[in-house]
Amino acid sequence: MITTISDVHIKVPGDKAYKLFLSFLRDPIVKKSEKVVLLGDIFDFVVGGDQGFIKEFQEVFDEIKSLLREGKQVYFIEGNHDFHVGKLFKETFPDDNFIFSKERIHLTHQGTNITLCHGDDIELDNPSYKKYSRIIRSKPIQVLAEWIVPFPFTRMIGNWASAKSRKKNIAQYESKSDLIKEKFRSSSEAAYQEVPSQIIVCGHSHVKDKYESTLGFIYINNGYFPNEKTFISIEKDQVRFNELAEPSH
Ligand SMILES: [Mn+2]
């Protein structure tokens with residue numbers, strides 16, 4: 001089984017998102033899965049190579065280490081709130097079972113082809129966001145963030161990303177969620193045309209959805225985790241939402 005989650009948006013240790021994420025990492029369904037896929041925006045702001053992030057969220061990183069010790073594969077796919085973290089995370093998890101990716105991945109599990117992406121990469125339209133994202137996630141900025149000026153500089157980027165996202169969230173929850181749902185369904189269909197998978201998992205939209213496309217695949221998105229408190233599991237060709245066994249700690 002694969003379990004996957006996105007858009008937790010942990011801001012500070014001990015906040016609601018932090019506790020819920022620990023509940024996810026300790027959930028019995030997660031504990032019996034072979035692959036755990038962290039699909040981006042787990043943190044509201046972790047950018048660059050600063051070890052301070054590991055200390056700040058120590059309990060979370062220790063819990064991920066224990067999943068790796070149990071022999072699970074743990075994937076981390078960058079979001080638009082936690083990026084340029086390849087160097088830092090690979091140092092933190094020096095384990096072949098930890099798989100880091102800056103972009104979407106395609107894998108076959110129990111005979112099912114699955115695409116896993118944060119979602120901003122497949123999202124149709126939104127040219128101003130794409131321009132911003134191309135700059136902020138470019139190689140020169142990655143080198144700066146990972147090696148040269150980690151903290152104050154990345155904090156600035158993070159605040160900028162969070163402000164953009166807050167604006168986005170307010171808009172989404174107020175009136176646009178149906179439009180966004182439709183847009184992500186179309187975006188997943190465009191992604192399917194590039195690489196056909198039976199299941200396409202996305203985050204980023206903050207709109208929870210499960211949709212069977214007439215093209216013959218399933219698109220699923222766990223939405224904004226602190227509100228939904230659900231995560232996704234995939235067993236053979238079955239994909240579903242799961243409630244947390246312990247939604248609070
Ligand atoms: Mn996002």
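The values are calculated or read from the model by the stated rules, or taken from the named source; none is laboratory data. In this text the structure is predicted, and so the values were computed from the model without any measurement. Cβ atoms come from the backbone with ideal geometry, glycine included; neighbour counts cover every protein chain shown.
Some observations on this one:
- Restricting the range 137-170 to residues that are in a loop (DSSP other than H, G, I, E, B) and modelled with pLDDT of 70 or more, the residue that is surrounded by the fewest Cβ atoms within 10 Å (Cβ to Cβ): Ser138
- Each residue in the range 230-249 was checked for being surrounded by 12 or more Cβ atoms within 10 Å (Cβ to Cβ), among the polar types (S, T, N, Q) and either in contact (Cβ under 8 Å) with a residue 24 or more places away in the chain or not in a strand (DSSP E or B) (or both), and 2 pass.
- Among the residues listed as Gly111, Gly71, Gly40, the single one being modelled with pLDDT of 95 or more and within 16 Å of the ligand (Cβ to nearest atom): Gly40
- Checking each residue in the range 43-68 for being closer than 24 Å to Arg104 by Cα, surrounded by fewer than 22 Cβ atoms within 10 Å (Cβ to Cβ) and either among the basic types (Lys, Arg) or within 16 Å of the ligand (Cβ to nearest atom) (or both) picks out Asp44, Phe45, Lys65.
- Within the range 9-42, being surrounded by 24 or more Cβ atoms within 10 Å (Cβ to Cβ), under 30 Å from Gln110 (Cα atoms) and touching an Asp or Glu at 6+ places or on another chain (Cβ under 7 Å) holds for Gly40, Asp41, Ile42.
- Number of residues in the range 174-190 that are within 16 Å of the ligand (Cβ to nearest atom) and either farther than 22 Å from Ser233 by Cα or touching a Ser or Thr at 6+ places or on another chain (Cβ under 8 Å) (or both): the value is 7.
- Test: Ser128 is out of contact with any strand residue (DSSP E or B) (no Cβ under 6 Å at 6 or more places or on another chain), within 16 Å of the ligand (Cβ to nearest atom) and hydroxyl-bearing (Ser, Thr, Tyr): yes
- Test: Ser133 is closer than 23 Å to Lys164 by Cα, within 16 Å of the ligand (Cβ to nearest atom) and among the small types (Gly, Ala, Ser): yes
- When every residue of the range 70-80 is checked against the conditions, none turns out to be under 17 Å from the mean Cα position of the chain (by Cα), crowded, with 21+ Cβ neighbours inside 10 Å, closer than 21 Å to Glu228 by Cβ and of a type in the set (Asp, Glu).
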